[in-house]
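To start, the structure under review is shown below, and the notes come after it.
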Amino acid sequence: MNLEETIKKFPYPKHIAIIMDGNGRWAKNRGKLRIFGHENGTKSVKNIVESCSNLGIQCLTLYAFSTENWNRPKLEVKTLMSLLISSLKRESDKLQKNNIRLNPIGNLNLLPLKVSKELFQVVETTKSNSGMVLNLALSYGSRDEIINCVKEIGEKIKNNLISFEKIDETVINQHLYTQNLPDVDLLIRTSGEQRVSNFLLWQIAYAELYFTKVLWPDFTEQDLYKAIDNYQKRERRFGKTSEQVG
Ligand code: FPP
């Protein structure tokens, strides 16, 4: 039985998050500029979005650009922004056809106008879609998200819109960029690094972590199936004992 058929027999993770790492090294291995790696990385983005949608995954979050990435060389930042614009232009129809809803998360005010215009056009076009939610983390940092959440709640307390005593996990969830989406079940990081790099710190509280040495531009549908297969073989206890969850 092939892997695709094997994973179909067990529940899929509802929410998959991916740290797409290794574009630079992929390009370097070929004696090319880092930008070449990012260009090829967009092909993997396209493939994996399609595969997750075909499998019926509810929610996919991709770490496309972190708050720290603004500190990269200007040309690299510019190229990543251009790649984003061209990908959005190229893939908008496909997202629509596949019933995918695009939901950007992060400090979006920092994005160049050209990017946010394109982005919100696709958000608008896809807003009523009922299939997979595609969270694109852009100018995203989890600590920044938590600070923003605390400020929003504080403001509401100040204005008597919420009482201090009522703050619980649900209230926090409602004020994160990922608002009301299910917790991450499976976090994948490519390229062999084993860190979470300020990504969805609240949302990955009980996520299964999966690290692969495959560099992001080489990450295929089969690699995704491998990660899901690995996830399905784990016992998720959420703090309970094996006997309680078994
Ligand atoms: C990490 O590789 C990757 C990024 C910082 C950007 C991810 C961007 C893409 C996959 C392309 C554009 C995205 C979309 C959604 C169209 P790295 O540069 O840190 O690689 P390295 O660790 O090998 O240097």
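Some observations on this one:
- Residues of segment 126-165 falling in the label zone of Gln58, defined by backbone nitrogen less than 11 Å from a point 7 Å along Cα to beta-carbon, are 133.
- Taking θ as phi - 60° and the Karplus parameters 6.51, -1.76 and 1.60, the scalar couplings of segment 27-34 work out to 5, 4, 4, 9, x, 10, 6, 3 Hz in sequence order, x denoting glycine and proline.
- Under 18 Å from the Glu68 label point (7 Å along Cα→beta-carbon), backbone N, segment 202-246: 202-204, 210-212, 216
- Between Ser130 and Asn230, the C-beta separation translates, for a Förster distance of 25 Å, into a calculated FRET efficiency of about 0.30.
- Highest-MSF residue in the chain out of Gly192, Gly141, Gly22 [GNM, Cα springs under 10 Å]: Gly192
- Reported to the nearest whole Å, the Cα centre-to-centre distance from segment 117-161 to segment 20-54 is 26.
- Ordering Trp202, Leu138, Gly154 by Cα displacement along the dipole of the chain toward the positive end leaves Leu138 in first place; charges were set at the Cβ atoms of Lys, Arg (+1) and Asp, Glu (-1).
- The chain: calculated mean residue ellipticity at 222 nm from DSSP helix runs of at least 4, using -39500 (n - 2.57): -14000 deg cm²/dmol
- From phi via Karplus (6.51, -1.76, 1.60), per-residue ³J(HN,Hα) for segment 71-82 in Hz, x at Gly/Pro: 7, 6, x, 3, 5, 5, 4, 4, 5, 4, 5, 5
- Over all Cα atoms in the chain, the spread is summed up by Rg and Dmax: 18.6, 59 Å.
- The loop-placed trypsin sites (Lys or Arg not before Pro) in segment 215-246, going by DSSP, that have at most 13 neighbouring Cβ atoms within 10 Å of their Cβ come out as Lys233, Arg234, Arg236, Arg237, Lys240.
- Counted by neighbouring Cβ atoms within 10 Å, the residues Thr170, Thr79, Thr125, Thr178 run from fewest to most as Thr170, Thr125, Thr79, Thr178.
- Within segment 150-246, chymotrypsin sites (Phe, Trp or Tyr not before Pro) in DSSP loop having at most 10 other beta-carbon neighbours inside 10 Å: Phe238
- Here the Karplus relation 6.51 cos²θ - 1.76 cosθ + 1.60, evaluated at θ = phi - 60°, turns the backbone of segment 220-234 into coupling constants of 10, 3, 4, 5, 5, 4, 4, 5, 5, 4, 4, 4, 5, 8, 8 Hz, with x for every Gly and Pro.
- Contact order, relative form, for the chain: 29 percent (alpha carbon pairs under 8 Å, 6 or more residues apart, mean separation divided by residue count).
Every number in this text was worked out from the coordinates using simple rules, so none of it is lab data. These numbers come from a predicted model, not from an experiment. Every residue, glycine among them, receives a Cβ derived from its backbone with ideal geometry; neighbour counts consider all protein chains shown.
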